[in-house]
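Note sheet for the following structure.
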Amino acid sequence: MTLTSTPTTDLADRARASLDALGAVVPEGSGLTARTALHAETLFDLPVHTAAAVAGAVERAEAAFLAWREVPAPRRGDVVRRFGELLREHKDDLADLVTVETGKIVSEARGEVQEMIDICDYAVGLSRQLWGKSIASERPGHRLAETWHPLGVVGVISAFNFPVAVWAWNTAVALVCGDPVVWKPSELTPLTALGASAILRQAIEEQGYSPDLSQVVLGGREVGEALVDDPRVALLSATGSVRMGREVGPRVAARFGRSLLELGGNNAAIVAPSADLRITVPGVVFAAAGTAGQRCTTLRRLIVHRSVKDEVLRRLVTAYESLPIGDPFADGTLVGPLVDARAGDAFEAAVSKAVAQGGSVLVGGERASVDGLTGTFVRPTIIDMPAQEGIVIEETFAPILYVLTYDDFDEAIALNNGVTQGLSSAVFTQDQREAERFLSAAGSDTGIANVNIGTSGAEIGGAFGGEKETGGGRESGSDSWHAYMRMATNTVNYSTELPLAQGVTFLD
Ligand code: UN1
């Protein structure tokens, strides 16, 4: 099924109209091109920042930090509350930019902005918490406590697939924690970044604070490196490939900076014999084919019990065959384009490798053409694999679901854990023993582990992140805010004696 198409000229106008509505000034210059996933053509030129310009941004952020850290946290929360209000007002403007640049369907683009609004609400509440523990002291007349203080400048490097939500998770929390943010968005999504940051800066200025609390630096590798290596960047929060994380982590550690890494996923779902297929099938389809397979939480491996395999696959193939592929702006489209031509090449290469490894393509496996659009469209794909090796243990950012078969539940858990990435996982079962075993210490080893829902679409209230090569960072809810603050342990002696800890005597 093919749905209507929007020409490039309309998209450029649409992007400019959204940017105007968001109050974003599009800087003049060249070095970076704004582009759209819907067409192979570009929209318009943008300037890139030099390393010196990044250093200038960090310097201004550092200056803003010195004042911001002394603003009471609930007042810092006022800025984030206003940002959330502006996001509600401009939801469609920002969602439009997300669709133009990434090709995400309208409902998911709006969902992404909703995720920003949700984290703002969360951070506003957090601004009245930021609590520390009070600990029992062994000494009379002494109080032992922990205090959380602002950390410093936070550098954010974000990926194209969640061009604004992941920045917002970091920024809403960083701001209430007392930290300014310097943001390097993906080179594929500069417009969305300019739009989102314009309304945050409006919120900051309306409340009378320095706009240097939120800055955007545009460009590629050099811009990222300038943030990574700047000793004034106290925390570097980076979302992207394992390859990127392998470079960023050690470089930040070498200067004793902190990093928060959100890297690749190769997420699995186990389908047990008792699985309720009425929720399993839509759960799997959304997780594997939603966002055209371009979430780090996308479901990439389906581990199915032999006894239900035929039925599960029959239903999945039927669902896949009727997935509407097309213009992400059109009503009814569920699968939009991949972000660019390179992603299409990676999709084709992965399918060929899987087939060479003995996989059989059950549905999809090829590109799709959409009338009037020159972007890269592919058919969501399911490939039955003989073993978990080769291409199956790699993350390909495309809608390819590999099927593996199991007989014994422990074997399924071993397959789930048998990859180097550790972001998200799920089990579909009605057997409580299986569900609990999956969630236990001996179960799934991922940072997100779900029962009877898919691997993607996490809410912001929980901490988001994963283990192993996913990088170990946690963002968004729960106590992820600790990463954005420094903790001091305070011992206060309000007695008239000076007892030493551990019973040590000195000068007695
Ligand atoms: C990502 O793919 O980088 O859980 C983030 C999810 C979304 C966020 C994904 N809330 O799928």
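In square angstrom, what is the accessible area per residue of the chain with a 1.4 angstrom probe?
Values: 20300 Å² over 508 residues.
With all protein chains present, the chain gives 40 Å² per residue.
Using amide H atoms built in the peptide plane, which far-off residues or other-chain residues are under 5 Å from L260 H to H?
L236, S237, A238
On the principal axes of its Cα set, how long, how wide and how thick is segment 404-508? Give whole Å, largest value first.
72, 28, 26
Of the accessible area of the chain, with the probe set at 1.4 angstrom, what percent is carbon plus sulfur? Mind dumping the intermediate values first?
Working: 10400 of 20300 Å².
On the chain, the fraction of accessible area on carbon and sulfur atoms equals 51 percent.
Please give the per residue volume of the convex hull enclosing the alpha carbon atoms of the chain, rounded to a whole number of Å³. Don't skip to the end; give the middle numbers.
Numbers: hull volume 82.7 nm³, N = 508.
It is 163 Å³ per residue.
What ranking, highest mean first, results for peptides 193-205, 437-449, 19-31, 74-86 when packing means the other Cβ atoms within 10 Å averaged over each residue? Before the final figure, lay out each step's value.
Details: 193-205: 22.9, 437-449: 18.1, 19-31: 15.5, 74-86: 21.1.
Top of the packing list down: 193-205, 74-86, 437-449, 19-31.
Taking all pairs of distinct Cα atoms, average 1/r, flip it, and tell me the Kirkwood hydrodynamic radius of segment 160-223 in Å to one decimal place.
Working: mean 1/r = 0.0831 Å⁻¹.
Averaging 1/r across every pair of different Cα atoms and inverting gives 12.0 Å.
Hey, can you rank 293-301, 222-230 by average C-beta count inside 10 Å, highest first?
Details: 293-301: 26.3, 222-230: 21.2.
Most protected by this proxy first, the peptides run 293-301, 222-230.
Taking the Cα atoms of segment 332-478 alone, what are Rg (to one decimal) and Dmax (as a whole number) in Å?
Looking at segment 332-478, its Cα Rg and Dmax stand at 17.0, 52 Å.
For segment 197-332, list log₁₀ I(q)/I(0) at each q in 0.16, 0.22 Å⁻¹, using the Debye formula over Cα point scatterers of equal strength and ignoring solvent, two decimals each.
Here log10 of I(q) over I(0) equals -0.93, -1.23.
Based solely on its DSSP helices, what 222 nm [θ] is calculated for the chain when runs of n ≥ 4 H residues each add -39,500 (n - 2.57) and the sum is averaged over all residues, nearest 500 deg cm²/dmol? Can you show the working numbers first?
Values: 14 runs with 193 residues, N = 508.
Estimated from H runs of four or more residues: -12000 deg cm²/dmol.
Rank-order 249-261, 266-278, 173-185 by packing density, defined as the average count of other C-beta atoms within 10 Å over each peptide's residues, highest first. Working shown, then result.
Working: 249-261: 16.6, 266-278: 21.7, 173-185: 27.8.
Going from most to least packed, we get 173-185, 266-278, 249-261.
The values are calculated or read from the model by the stated rules, or taken from the named source; none is laboratory data. Remember, it's a predicted structure, so these values are computed and weren't measured experimentally. Neighbour counts are summed over all protein chains in view; Cβ atoms, including those assigned to glycine, are modelled from backbone coordinates with ideal geometry. With ligands, DNA and RNA removed, areas are computed over all heavy atoms of the protein, side chains included. Shrake-Rupley method; radii C 1.70, N 1.55, O 1.52, S 1.80 Å.
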